[in-house]
Structures are given as structure tokens and as C-alpha cells.
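Structure first, then comments.
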Amino acid sequence: GAVVSQHPSWVICKSGTSVKIECRSLDFQATTMFWYRQFPKQSLMLMATSNEGSKATYEQGVEKDKFLINHASLTLSTLTVTSAHPEDSSFYICSARGQGAVDNEQFFGPGTRLTVL
Amino acid sequence: AQTVTQSQPEMSVQEAETVTLSCTYDTSESNYYLFWYKQPPSRQMILVIRQEAYKQQNATENRFSVNFQKAAKSFSLKISDSQLGDTAMYFCAFMTRSNYQLIWGAGTKLIIKP
């Protein structure tokens, strides 16, 4: 199956700094990428949907100025958490849907654990 | 709006037993997909099984099978001959062809005991 990577897998940062998380499709071209946030023992919460070359669509309640999403190429999307605070600590997961893929195919990255001190 | 409900927060069975996880959903769409995902302690989401709504035949993948009742909007997962490696969170999810977004249930924590 198709592979999606995320980098870093775990990051610790100080409050007030910005953190960038990368999501890459390694062996296919991802026309659409999804960013999720998952709190401990909870389900996935969709944050935004990004299509290559266009602005991301954010879900209600997600601050677009705080969670900057860029999908500049067909293999890379980035999520930047700006001016991070301890409440932004969470597990962030991306998934990707590929060009020419079967309608229902979404491939998940391994996730990034963000801890803000 | 579509919703997915998993009414069992946690389940526990002995190894080799059969277990069924429940899932119901609500939608006015006619063309959609249903999924069961597994999230082990590594937290990597793994697709277990999928079902297209237009297919009447229940999907099967080795020890995993579903009972898809479209009229009742029910989509349960049966795991036969359960193994220790099946211990994980299991999420039921729904997708329409309008935007390909996944709508997630709250999850069921499944523990397989030796």
C-alpha cells in the first residue's frame, strides 16, 4: 500500500515558539491531505483539508492563523503551529488521498506528538 | 449532518474468542463508504476493513468480517479467533463521495486477554 510519512515523530518546544510538522506521500501524488488532532483516549478530530496548490479549508473552531497549513506540492503538506502554548500539546495525524486513487482510499501517517512546555 | 456512534467504550475477551464491535451511523446520503480502523499502542492508524454502501454483500478480510445492515444504519465488526495483537482502539468511520472526509466514531478499546 501507499506510504505516508510524518516528521518529526515527537517534538518538544517552549511556549511561544512555532513548530512545523511535515507530511509526505512517499510513493504517490497526494491531491488532498487531511490534518487531524487526537487527544488522549479520544477519537480523531479533523482540523483541515488541504488540496495541492490551494488554500486549506479549516473546520469550524480551528484557528487558521494559529494552525497554518501549506500544501505546496503533490507530495508534501506542512502544518505549522504558531506561538504554541501548552494547550496545543496533542497528537497530530495527517492522511493523504492520491491522484487517481480509488475513491475511498486515504493513507495515514504515523503521527506527531507535540509537547509544549 | 452525518454522525457515527460506537456505544461500547471498552471490551475485553479471551484469546481465541470471537468478539463483535458495534457501530451505528446516521446519514441522508445514499452513496457512501464505511470503514473500521485499528489504532494499536503505536498510534498508527491501520485500515481493517471497508464496505461500499451499494454492495449488499458483507465485506470479509481473513478473521475480520462486517455485518452491514443498511436500512438499520448499522455496521458491526466481528473478529474471529481473536489474537493478542488485536488489542487496540477500533474506530468506525463514514465517508461520502461529496468531500471524502472521514467522520469518526468515538472508538472502542478492545483488550484481548491471554
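The values are calculated or read from the model by the stated rules, or taken from the named source; none is laboratory data. Everything quoted here is computed from the prediction, not taken from an experiment. Please note: Cβ atoms are built from the backbone with ideal geometry, for glycine as well, and neighbour counts cover all protein chains shown. Note: accessible area is taken over every heavy atom of the protein model, side chains too, but ligands, DNA and RNA are not part of it. Shrake-Rupley method; radii C 1.70, N 1.55, O 1.52, S 1.80 Å.
Residue-wise HN-Hα couplings along region B:18-30, as the Karplus relation 6.51 cos²θ - 1.76 cosθ + 1.60 with θ = phi - 60° gives them from phi, are 9, 9, 10, 9, 9, 7, 10, 9, 9, 7, 9, 6, 10 Hz; Gly and Pro carry x. Exposure check, 1.4 Å probe, all protein chains in place: B:Val48 carries approximately 20 Å² of accessible surface. Taking a virtual spin label 7 Å from the Cα of B:Ser42 along the C-beta vector, which residues in region A:1-39 bring their backbone nitrogen under 20 Å of it? Output list for this probe position: A:1-11, A:22-28, A:36, A:38.
Across region B:50-97, how large is the tail of the calculated P(r) beyond 12 Å, expressed as a percent of all Cα pairs? Of all Cα-Cα distances in region B:50-97, 67 percent exceed 12 Å. With the charge dipole of chain A set up from +1 on Lys and Arg Cβ and -1 on Asp and Glu Cβ about the Cα centre, the Cα lying farthest toward the positive end among the listed residues A:Cys13, A:Leu26, A:Gly53 is that of A:Cys13. Here chain A is described by how far its Cα atoms reach on the three principal axes: 41, 26, 22 Å, from widest to narrowest. Ranked by the mean number of other Cβ atoms within 10 Å per residue, highest first, peptides B:39-46, A:49-56, B:8-15, B:72-79 order as B:72-79, A:49-56, B:39-46, B:8-15. Legend note: in chain A, cysteines whose Cβ sits 4.7 Å or more from every other cysteine Cβ are A:Cys13.
In straight-distance terms, cross-link reach from B:Lys73 covers every one of the lysines whose alpha-carbon lies under 24 Å from its own, apart from those fewer than eight places away in the same chain; here that gives B:Lys38, B:Lys55, B:Lys109. Temperature 10 °C, viscosity 1.306 mPa s: under these conditions the Stokes-Einstein estimate for chain B, based on its Kirkwood radius over C-alpha pairs, is 112 µm² per second.
How many percent of all Cα-Cα pairs in the protein assembly as shown sit more than 22 Å apart? Numbers along the way, then the final one.
Numbers: 14158 of 26565 pairs.
Pairs farther apart than 22 Å: 53 percent.
In the protein assembly as shown, carbon and sulfur make up what percent of the accessible area (probe 1.4 Å)? Roughly 49 percent of what the probe reaches on the protein assembly as shown is carbon or sulfur.
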